[in-house]
Every structure is written in C-alpha cells, then in structure tokens.
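This report refers to the structure that appears directly beneath it.
The values are calculated or read from the model by the stated rules, or taken from the named source; none is laboratory data. Nothing here was measured: the structure is a model prediction, and the numbers come from that model. Note that each Cβ is placed from the backbone with ideal geometry, even for glycine, and that neighbours are counted across all protein chains shown. Heavy atoms of the whole protein, side chains included, go into the accessibility calculation; ligands, DNA and RNA do not. Shrake-Rupley method; radii C 1.70, N 1.55, O 1.52, S 1.80 Å.
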Amino acid sequence: MKRSIPELQHSAAPLVMVTAYDYPGGRHAEAASVDLILVGDSLGNVVLGYDSTAPVTLGDMIHHARAVRRGAPGTFMVVDLPFGTYHTGVQDAMRSAVRVIQETGADAIKMEGATPEILQVVQTLTRNGIPVMGHVGLMPQTATAQGGLRVQGKDDETARATLEGAVALEAAGAFSVVLEAIPARLANLISERLSVPTIGIGAGVGCDGQVLVTHDLLGVYEGEDKKIAKRYAEVGRLSREAIETYAAEVRARAFPTRENSFVMKDDVLGKLY
Ligand code: KIV
C-alpha cells in the first residue's frame, strides 16, 4: 500500500528508493515493495543517451512518469523537475510542478539546490500543497558550476554550504532531502540535524534512506562501475547474451521451431496449390 509522507518520515527501517523511467521499471519497483520511486532526470543519461541531465525537458519527464505510474499505481512517486523548469521564477516553478502532479499522478516533486531563489520556490510549492524533496551535495543539473561531477563537502566551504542548504530546505518545507556524493560523516551530521529523512546516494550508511539509479543496480551497462553504486545483477550482459543466442539460432534456422509455429490442415493447404 502507498506510504503517506508521515509514514515515510517516521519509518523505523531505512527508506528504500529506486529510480524508474518506464512501465516495466515501475512494475518491478512496486513488486519489490520499495518505499519510494524516483522518476529521476538521470533519465537523460541512462535512458535517452545524453551525456548530462541538462537536455531533459518537462515533456520528457511527464511522458516517462506517466508510464511509471501505470506500472506502479500503489507506490509513492517523486518526479524530478528538470533543469530550467524552476529556475526562472516562482510562478514558472509552480506551473511546472502543477503540470507534473496533474499529468503524471506524482505524489511529490524533487528539485536540486538551496539557493535563496530555490528556497523561495520550495516554500511556495509546499505552502500550496505540493510536497517537495530537496537535493544537495553533488547536483548533476548544475555540475559544471560545481567543477564537474565530483564529491562535494570535502572542504570547509562546500561542507558548510551542504549542511546549511539541507537545514534551509527543511525550514522551507521540504519533506525529505537527497544527499548526493558527500562524505559519510557529513551526511551523518546532516541526518542528525534534520528532522525530515535524508536519502543518500554516495553518502554512506548513516542516512535515513538510500536511493540508487536502477540501471546501475541492475548492471544495465556492461563495464561501468560507479563508486557510489553496487551492481546486484548483470542485466546488460544477460541481455546481450540473449540477443546473441537469438541471432545465432535465426542464422542456423534453429528458431522458430514447430512449437513457435502455427499449423494448418492439409486439405486447406491443398486447395491453395
Ligand atoms: O536523477 C536522479 O536519478 C537523481 C538521483 C541520483 C538522486 O536525482
């Protein structure tokens, strides 16, 4: 059964969140009883083949989130607002969030950052009944400005900015905050300071929950190992091997067999000659 925000916030066990981008992804996540599904804008990298999340549009997110919702009608679903859809003012952000909620059936939206502008957006959305998940640490949408896709919070300046950003997001009304690629001890400190749950990715075991990009945990891309992820399967290798076996059988006329073929009575066939 879908968990409510208070239930998520008072969970005794660590929260489990995975990303999903389509109907089968939603079905698998719901069948595995995860607590939350994130339709992340990592969509751009792992599904659409871009080399960053920046090109992902609101239309892309809505199209994919609708499919996830069809596969996972009973799971709390968070949808990322993509780059540029909440940076041009509170009204634009509100319009983007309303579209996501109305058109996808999302339970909450997620956005990156904790600048004064973003905090104002978080405050406005939450006051208007749209639950917001915050995101600090490494923020892929603006990674270029952060010096690339690198760990944040190792030095005084970024550690303080990450801590203060997370605290400010809670004060602005965020019901939970993602901590991405920060040292485990900083994530522990933030998790102690916040009363809303932290969800870590590359932030150690002390967070209140964990999120992984499903394509990383399933091993969809062979030979790609990320420090922040763990492979629980080798779906990429299994997929390639299955297609190779199919190709070999087609070339050897070993597929289709009689079992895969339809039969016809001799007299009907005879009439065709
Ligand atoms: O887009 C995404 O998948 C994310 C997670 C990595 C937290 O933001």
* Asked: When V211 is evaluated against the numbered criteria (1) part of a strand (DSSP E or B); (2) away from the ligand (no atom under 13 Å from the Cβ), which criterion, by number, is the only one it fails?
  -> (2)
* Asked: Given (1) under 26 Å from T85 (Cβ atoms); (2) part of a loop (DSSP other than H, G, I, E, B); (3) away from the ligand (no atom under 12 Å from the Cβ); (4) not basic (K, R), where does A203 come up short, assuming only one miss?
  -> (3)
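Please find, among E170, E164, E180, E157, the residue that is out of contact with any Phe, Trp or Tyr (no Cβ under 8 Å at 6 or more places or on another chain) and within 16 Å of the ligand (Cβ to nearest atom). So that I can check it myself, show each step before the final result.
Working: E170 fails: within 16 Å of the ligand (Cβ to nearest atom); E164 fails: within 16 Å of the ligand (Cβ to nearest atom); E157 fails: within 16 Å of the ligand (Cβ to nearest atom).
That would be E180, the only listed residue that is out of contact with any Phe, Trp or Tyr (no Cβ under 8 Å at 6 or more places or on another chain) and within 16 Å of the ligand (Cβ to nearest atom).
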* Using beta carbons and a limit of 6 Å, which pairs, at least six apart or on different chains, have the first residue in the stretch 1-27 and open to solvent by 60 Å² or more (accessible area, probe 1.4 Å) and the second one more than 15 Å from the ligand (Cβ to nearest atom) and small (G, A, S)? -> K2/G74; D22/A67; Y23/A67; Y23/G71; R27/G71
* Output for the stretch 88-106, where each listed residue is within 16 Å of the ligand (Cβ to nearest atom) and either open to solvent by 30 Å² or more (accessible area, probe 1.4 Å) or outside any helix (DSSP H, G or I) (or both) -> A106
* Determine which single condition R127 fails, assuming it passes every other condition in (1) out of contact with any strand residue (DSSP E or B) (no Cβ under 9 Å at 6 or more places or on another chain); (2) within 15 Å of the ligand (Cβ to nearest atom); (3) not polar (S, T, N, Q). => (2)
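Using the structure shown, decide if T57 is hydroxyl-bearing (S, T, Y), at pLDDT 95 or above and out of contact with any Pro (no Cβ under 9 Å at 6 or more places or on another chain).
On the way: hydroxyl-bearing (S, T, Y): yes; at pLDDT 95 or above: yes; out of contact with any Pro (no Cβ under 9 Å at 6 or more places or on another chain): no.
Here the answer is no, as T57 does not meet what is asked.
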* Flag for V167 being open to solvent by 20 Å² or more (accessible area, probe 1.4 Å), under 26 Å from V79 (Cβ atoms) and without any contact (Cβ under 8 Å) to a residue 40 or more places away in the chain -> yes
